Structures are given as structure tokens and as C-alpha cells.
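Structure first, then comments.
Just so it is clear, none of the values below were taken in a lab; they were calculated from the coordinates. As the structure is a computational prediction, the values presented were derived from the model and not from experiment. Note: ideal-geometry Cβ built from the backbone for every residue, glycine included; neighbour counts use all protein chains shown.
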Amino acid sequence: MNDYLNNLFQQKNQWSMSAIDNQYGLSLPEYHPEEPQIETIDWLALTTPEASPIAEETVPDPVFAATDPYTTTPTRASVPNMTPSDLQTAFNAFMDGNNDALTTAQKNLFQGAVLKTVASASDMFSRLTGLVMGVPGMINQQRDIAVQNYQNQMDALDNQVTYIKHQLSDRFNKTVETNIMRMAASGLRVTAGNVLELSKESASEITEDMRTAESNARLKKIALAAGQKQAGEAARYAKQTFWTGLAQSAIKLGVMWETGGGTGESWGNLYKGYKKSTTEELNKLY
């Protein structure tokens, strides 16, 4: 009985209360494995090269030494010894394989240079033809016609305003005559003051109409004068453009002639290459 009580109340070590240690059908685990012991390392001893395992030199495996990019040193590929004659032979073989392409390129180069030069010459000829036909004179004539047209329109406006003034004056004179006859028929004394008194309203309307006609004509003449000035400026610009284009065309033709159609070669070398390519093509055909 004493042994049972001592065993019941004896202090025991507490086990880990974890759900993963429970067994099926039991409230508490029957078996508790011991926790692994962490091995302590003497860091002071590791500082000495004799006791530190890190200080030991590792010898690379000869199997992986050749493929390790961090341990191998790249070596230059071996180049076979070649003599100048071998290089010349290889170059000749390369050129022989490209003779057709070289022949076509020389032919196309010469034809392109000729066409570009002919185009520049055609542009130059067209501008010279315009100069001979009197393009600057035609530009001046067009300017004079436009200026005169605007001037005619301004003169027509002046004539129109004058005609309106005459019509208004005639209407005022008829109004005065009508008022005089009415005064005489009514037995009233006809005087200048009485006539003007009766005609002042009509005179005011006629004066306002004249001013309106003159103002409208003045505004239209301002627009016509601006068009007249614009015609002169347009003619000046057209002549300047003509002479500038002629100079540029001459310069371009000279550049094409001196540089072999813009290729930088002389016409003699271009023609030799073209003649050689043409001869080679004929030899292939016959």
C-alpha cells in the first residue's frame, strides 16, 4: 500500500503536450521520444587553422575540374599555320564564287549613275527652256494684269458711288420742286427758308445714304488694294523661285557629272566596269 501511494504522489518529469504525440484511443501519449541534443561547437577552437575543419583545402574532383567555369582557364583555339599564298588562294576562291554578283553590281551601278545624271540634265533643260520662252516676262505680265484688274474694280466702285450721289441729288431736287409747287398752290409765300424747312428731312436721309455708299466703297477698295499688293508679292516670289530652281538644277547637274552620278567614282572607271560586265555576259551567252 505504501509503495502504491509513493508511486502515485511521486513527482515526475512533465512530458510535451502536443497533439501530434497523441495515439488513437488514448487521452495522453504512452511514448514520448527524447528531444535531440544539439551539439555544441567550440568556436574558439575553430579559429586556429589546425583545429578548424573549414581551413582544410579541398582538392577539386578531376572529373568536374574540366567543366567547372570558375576553376578552368579558357584557352585560345588552335589556329593552323597559314601562309600568304594560302590566304590569297582562299580570297581568289571567294571572289570566283561572287563574280556574277560583282558583274551585276557594276552594271547596275553604271546604269543608275547614267539615269540620275540624265534626270538632272532633263530638269536643267526644262528650266532653261522656260527661261528661253520668257517665264520671268510671263510672270511680270500676269502681275500687271492682276494689278490692273484690281484697279479697274476700284475705279468701278468710284463710278458707282458717283452715280449714287447723282441719283440722290436728283431725288432731292425733285423733292424741293415738289415742295415749292405745293406752297404756291396753297397760297403760301415761297421762300428759301420755308422750302428748306419742308425739305430738311429728305436732305438728312439723302446725306446719310451718300455717306453709307462712300463708306462701303472705301471698305471694298481696301480689300482690292490688298489683293493688288499680294499680286505683286506673288510675282516677286515666283521669279525668285524660278531663278533659285535654275541655280539648284545647274549645281545638281554639275555634282552628278563630277561624282559619277553620285557614286563618287569617275565615269571612266564606271564605264570600264560596265564594259567588262557586258563582255562577260556576252561570253557566257556565246
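Are any of the pairs Lys252/Lys275; Lys174/Lys221; Lys116/Lys275 more than 22 Å apart by Cα-Cα distance, and if so, which?
Working: Lys252/Lys275 26 Å; Lys174/Lys221 32 Å; Lys116/Lys275 19 Å.
Over 22 Å apart, Cα to Cα: Lys252/Lys275; Lys174/Lys221.
Can you list the lysines whose alpha carbon sits under 18 Å from that of Lys272, skipping same-chain ones fewer than 8 residues off?
Lys107
Relative contact order, percent, of the range 110-285 when contacts are C-alpha pairs under 8 Å separated by at least 6 residues? Could the numbers behind the result be given before it?
Numbers: 98 pairs, mean separation 78.6, N = 176.
Averaging sequence separation for qualifying contacts and normalising by length gives 45 percent for the range 110-285.
What does the charge count around His166 come to, taking other residues whose C-beta lies under 15 Å from its C-beta (Lys +1, Arg +1, Asp -1, Glu -1)?
Values: positive: Lys165, Arg171, Lys174; negative: Asp158, Asp170, Asp209, Glu214.
Result for the local shell: -1.
Report the dimensions of the range 110-285 along its three principal axes from the alpha-carbon atoms, largest first, rounded to Å.
If we take the Cα atoms of the range 110-285, the spans are 127, 27, 22 Å.
Just how far, in whole angstrom, is the range 141-216 from the range 236-269 if you go by their alpha carbon centroids?
A separation of 66 Å, based on Cα centres.
How much net charge surrounds Ala235 when only the other residues with a Cβ under 9 Å from the Cβ of Ala235 are counted, with Lys and Arg +1 and Asp and Glu -1?
Numbers: positive: Arg143, Arg236, Lys239; negative: Asp144, Glu233.
In short, +1.
Along Cα→Cβ, 7 Å out, is where each label goes; now give me the distance between the ones at Lys229 and Leu115 in nm to one decimal.
Rounded to a tenth, the inter-label distance reads 5.0 nm.
With a sphere of radius 12 Å drawn around the Cβ of Ala203, what net charge do the other residues whose Cβ falls strictly inside it have (Lys, Arg +1; Asp, Glu -1)?
Details: positive: Arg171, Lys200; negative: Glu197, Glu201, Glu205, Glu208, Asp209.
Charge balance in the 12 Å sphere: -3.
Mind listing the phi-derived Karplus ³J(HN,Hα) values for the range 156-170, rounded to whole Hz, using 6.51, -1.76 and 1.60 with θ = phi - 60°, and x for any glycine or proline?
Values, residue by residue: 5, 5, 4, 5, 5, 5, 4, 5, 5, 4, 5, 5, 5, 5, 4 Hz.
Using 0.36 nm per residue of separation minus the Cα-Cα distance, give me the extension gain between Asn149 and Met183 in nm, one decimal.
On the way: separation 34, 0.36 × 34 = 12.24 nm, distance 5.15 nm.
Taking 0.36 nm per residue and subtracting the Cα distance, the gain is 7.1 nm.
Let's test the formula: R0 of 45 Å, r as the Cβ-Cβ distance of Ser85 and Thr259. What FRET efficiency results, to the nearest 0.05?
Values: r = 38 Å, r/R0 = 0.85.
That pair, Ser85 with Thr259, gives E of 0.70.
If r is the Cβ-Cβ distance from Trp243 to Arg218 and R0 is 35 Å, what FRET efficiency results, to the nearest 0.05?
The pair Trp243/Arg218 has a calculated efficiency of 0.35.
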